[in-house]
Amino acid sequence: CIRDRPYYIGTNQYQLRFFGPSGESRSESFSKVLDQSVLEQGSVGVSAGAMVRDQDHLKQYYLHTNWAVTENITTGLSLINQERADGDWQFLPKLSMNLLGGENLFQLNLAHSGDGYALGAALQGSSDNFDWNADWQSFDNFSSWESAQTELIQEANLSLNTNIEDSSLSLALSANWKEYMQLDDSLQVSAQLAGQFNRLSYSNNIRWQSS
């Protein structure tokens with residue numbers, strides 16, 4: 001029973017397989033999102049940790065706190081300390097707000113870095129036939145691991161997943177757009193079509209990127 005399956009923090013991916021009396025089979029995939037900042041009303045969540053970036057072994061320490069104002073609204077404060085390539089450290093406080101409505105989650109984030117700031121918004125959710133995830137970030141004189149070296153101004157991502165009705169096919173679409181100070185804008189679009197025939201699984205990927 002699907003209701004008896006556990007949910008974990010993050011994106012939960014599930015695949016259902018159906019078998020017919022003559023040996024035929026088909027599969028359907030779907031996902032459910034459980035964000036770590038979504039709590040019961042009045043609850044407070046605290047998390048802390050450290051990480052090391054693979055490519056240059058720079059360190060980061062963080063402390064996150066979340067407070068559920070209502071059943072649908074959660075606010076958060078993050079204190080992040082990142083090591084820079086020159087050996088110095090930078091302190092990045094971050095405010096967040098999460099609005100939960102049905103199967104949809106809207107997130108708004110504001111981070112500060114010296115004289116600059118970063119603003120971000122994200123929407124993720126699902127319906128009977130689709131799962132989607134969209135996010136946008138804007139940087140104004142903001143320095144962090146994500147934007148320091150590339151002089152990134154804006155970035156947007158969009159992903160859409162669906163199962164084609166009455167078939168064993170699933171379709172995944174994604175797009176990424178970036179705007180830089182000195183470089184040309186970058187746009188990448190990809191699609192994946194996957195399915196199953198008897199016991200054979202197959203997939204096809206298409207990707208396009210602006211030059």
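What the table shows:
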read-out	value
Assigned charges on the beta-carbon of Lys, Arg, Asp, Glu; the stretch 117-207 dipole about Cα centre (debye)	400
For the stretch 167-211, alpha-carbon Rg relative to the globular expectation (2.2 N^0.38 Å, N residues)	1.65
Radius 12 Å from Cβ of Asp185, net charge of other residues (Lys, Arg +1; Asp, Glu -1)	-2
The stretch 107-211 pair-distance distribution - Cα-Cα, 5 Å bins, rounded %	3, 11, 17, 17, 15, 12, 10, 7, 5, 3, 1, 0
Average Cα contact separation per residue, the stretch 93-211, under 8 Å, 6 or more apart, as relative contact order %	15
Dipole moment magnitude, nearest 20 debye, the stretch 52-166 about Cα centre, only Lys, Arg, Asp, Glu C-beta charged	500
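Laboratory data are not the source of any read-out in this text; all were calculated from the coordinates shown. Given the structure is predicted, the values throughout are model-derived calculations rather than measurements. In this analysis, Cβ positions are derived from the backbone assuming ideal geometry, glycine residues included, and neighbour counts consider all displayed protein chains.
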